[in-house]
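Novice: Just dropping this structure here.
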Amino acid sequence: MSEENEPPTPEEPENLPETIPIDPRFPNTNQTRYCYVMFADYHRCIQLFDAEHADCKYFQRAYKAVCPNFWIEKWEGQINDGIFPYPLPKDKKSDTKK
Amino acid sequence: MATWNTLLLQDSASPLMEQLTFFHNHALLILLMITVLVGYLMSTLFFNKFNYRFLLEGQTIELIWTILPAITLIFIALPSLHLLYLLDEVNNPLVTVKAIGHQWYWSYEYNDFKKFEFDSYMIPQTNMHPSTFRLLDVDNRTVLPYNSQIRMIVSSADVIHSWTIPALSVKIDATPGRLNQISFLINRTGLLFGQCSEICGANHSFMPITIESISPSYFIKWINKMSQ
Ligand SMILES: [Cu+2]
């Protein structure tokens, strides 16, 4: 294929930072629940481990890619007020059941 | 972009739209043949002098004109179904972009790289340049890389809108409280235009969509510029 005549860009990598792949649990046009599950899983994850845990980063990338920003802001407000409608473990130690 | 003499489909900018155009032409040709045949038969009925008082049935001709249309329909249905399932195919995307409909503008969110969002308003007639497309150009275009699989997440903040790009065969409702996903690939650079396609209020006609399709390396530069 013919490469276009671009000005040299040595400092920029050619490959795009890829977004999260398709989740086979949510193959439909409707992705509402995917966003919600990823958001809830991230917040469960950082309660069970910590915010820097590598596995939590995936959930974070997923919900940030899929959820509208104003949904995220609303839900974070709900978590702070303790009214988020999903059972989140209180902290690392007190959670016994998964 | 649709212009005054665009009577059929717009030029395609994605492989799926190309296939849809082929199917459209195929179906239209069959339609034309049927119209000509039926038109000819009807006009001969009006102008001939044949009559036969005791005609009640003709099994052979009835069999033929039942089976022939059925075969014709198969030739339309099979490629149609093939395309229907091809359109639903989801490939792993390279970029995820969110489009949120508002009364009356679209806002776009890019969160894969650095997080940024912007609103995209139509350029009013009083602010137009000589190069502006009236009622179609926006102040902040949706920049997307070409030859890359793109996942659009479409939703709304108030009433139902519909995010539409005819050249990509994309039309998907923006429903409040729901996220709709659509995946497409643009196979050339350029500007692609669309308009909100769900009656959403007084300025429904004035919330167009403008996609600027550019090469991935320039897309990265644009990302870096926007997220500063
Ligand atoms: Cu609208």
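Only the coordinates and a few stated rules stand behind these numbers; no lab work does. Note that the structure is a prediction, hence the values are computed from the model and not measured. All Cβ positions, glycine included, derive from the backbone under ideal geometry; neighbour counts span all protein chains shown.
Novice: Return the total of residues in region B:154-199 being away from the ligand (no atom under 16 Å from the Cβ), closer than 17 Å to residue B:121 by Cα and surrounded by fewer than 23 Cβ atoms within 10 Å (Cβ to Cβ).
Specialist: Qualifying residue count for the region: 1.
Novice: Within region A:22-35, can you find the residues that are more than 9 Å from chain B (Cβ to nearest Cβ) and either under 18 Å from residue B:95 (Cα atoms) or crowded, with 18+ Cβ neighbours inside 10 Å (or both)?
Specialist: Within region A:22-35, A:23, A:24 meet the criteria.
Novice: Kindly check whether there is at least one residue in region B:133-151 that is among the hydroxyl-bearing types (Ser, Thr, Tyr) and within 12 Å of the ligand (Cβ to nearest atom).
Specialist: There is no residue in region B:133-151 that is among the hydroxyl-bearing types (Ser, Thr, Tyr) and within 12 Å of the ligand (Cβ to nearest atom).
Novice: Please count how many residues of region B:99-122 are in contact with a Phe, Trp or Tyr (Cβ under 7 Å, 6 or more places away or on another chain) and more than 16 Å from the ligand (Cβ to nearest atom).
Specialist: Residues meeting the conditions: 4.
Novice: Let me ask something else. Checking the condition farther than 23 Å from residue B:12 by Cβ, within 14 Å of chain A (Cβ to nearest Cβ) and assigned to a loop (DSSP other than H, G, I, E, B), which residue from B:98, B:114 passes?
Specialist: B:114
Novice: Same structure, new question: Step by step: first the residues of region B:153-179, then only those that are farther than 20 Å from residue B:137 by Cα, in a strand (DSSP E or B) and among the polar types (S, T, N, Q), then the one that is farthest from the other protein chains (Cβ to nearest Cβ). Which residue is that?
Specialist: Among residues in region B:153-179 that are farther than 20 Å from residue B:137 by Cα, in a strand (DSSP E or B) and among the polar types (S, T, N, Q), the one farthest from the other protein chains (Cβ to nearest Cβ) is B:156.
Novice: Next up: Given the criteria within 12 Å of another protein chain (Cβ to nearest Cβ), farther than 24 Å from residue A:28 by Cα and among the aliphatic types (A, V, I, L, M), does residue B:182 qualify?
Specialist: no
Novice: Please find, within region B:204-228, the residue that is farthest from the ligand (Cβ to nearest atom) out of those that are away from every other protein chain (no Cβ under 14 Å) and part of a strand (DSSP E or B).
Specialist: Step by step, filter region B:204-228, then rank; the result is B:212.
Novice: Taking region B:185-203 as the search range and keeping residues that are more than 12 Å from the chain's Cα centre (by Cα) and not hydrophobic (A, V, I, L, M, F, W, C), which one is nearest to the other protein chains (Cβ to nearest Cβ)?
Specialist: That would be B:189.
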